[in-house]
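Reviewing the structure listed below.
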Amino acid sequence: EVKSYSGYVKLSATNGITERFSVQSNGITPVATLNTSTNSLNFVCTSPQSSSTPKSFTVSGFMLNGNINVAAPAGFEISQSSSTGFAVNLSLTPVNGSVQNTTIYARFSPTATLSYTGNIAVTSTGISTKNINVTGIVPVMILVNGGTFNMGTSSGYTAAHNEDEQPQHSVTIN
């Protein structure tokens, strides 16, 4: 934001003479900022009650009036380590009003077989929330106890074929 500034500068010499000068200027007031390196992350996990491989993003902030808080939605966890300390919330403390680029790791930790979606919210006092959209999918697995399965025939092709033609692929599971 551009503002006009005015004031006085008072100079005092060792001989006791004091001078006062008027100063005026236009300037830009620094604004607090919050930054993230991405706006979305997508995950796939092979089964409920397990966790995906973590993915990373960075967070930074300048002219901050408080901590940077990071919160994950249901089914997701965050940490400053790629292997330990995963939780749903973490906080970054500024030094002299700033948090330099800090790597955050996110992972998908579903509790059920379904799709998850939400936002990792990155917040700090007086600054608009930065959201990182996260989606996670646990594919539905089908348990097969045995049998023979035919996977397609060539009858879908436009080339000539015999009516009694066998399936192109079959799998037998015992």
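Of all residue pairs spaced 6 or more apart or on separate chains, those with beta-carbon atoms under 8 Å, a first member in the stretch 41-61 that is charged (D, E, K, R) and a second member that is surrounded by 12 or more Cβ atoms within 10 Å (Cβ to Cβ) and assigned to a strand (DSSP E or B) are K55/L41; K55/F43; K55/Y105; K55/A106; K55/R107.
Return a yes/no flag: does the stretch 55-69 have any residue that is more than 17 Å from T36 (Cα to Cα), within 13 Å of the chain's Cα centre (by Cα) and part of a loop (DSSP other than H, G, I, E, B). No, that holds for no residue.
Among the residues of the stretch 8-54, those identified as small (G, A, S) and part of a loop (DSSP other than H, G, I, E, B) are A13, G16, A32, S37, S47, S50, S51, S52. Counting residues in the stretch 83-101 that are within 14 Å of K55 (Cβ to Cβ) and hydroxyl-bearing (S, T, Y) gives one or more. The criterion of at least 1 residues that are modelled with pLDDT under 95 and open to solvent by 80 Å² or more (accessible area, probe 1.4 Å) is met, among strands (runs of 3 or more DSSP E) falling completely within the stretch 80-174, by 115-124, 127-137, 147-150, 170-173.
Pull up the stretch 11-32, narrow it to residues that are within 30 Å of G97 (Cα to Cα) and open to solvent by 50 Å² or more (accessible area, probe 1.4 Å), then point me to the one that is modelled with the lowest pLDDT. Top of the filtered list is I28.
The values are calculated or read from the model by the stated rules, or taken from the named source; none is laboratory data. Nothing here was measured: the structure is a model prediction, and the numbers come from that model. Neighbour counts are summed over all protein chains in view; Cβ atoms, including those assigned to glycine, are modelled from backbone coordinates with ideal geometry. With ligands, DNA and RNA removed, areas are computed over all heavy atoms of the protein, side chains included. Shrake-Rupley method; radii C 1.70, N 1.55, O 1.52, S 1.80 Å.
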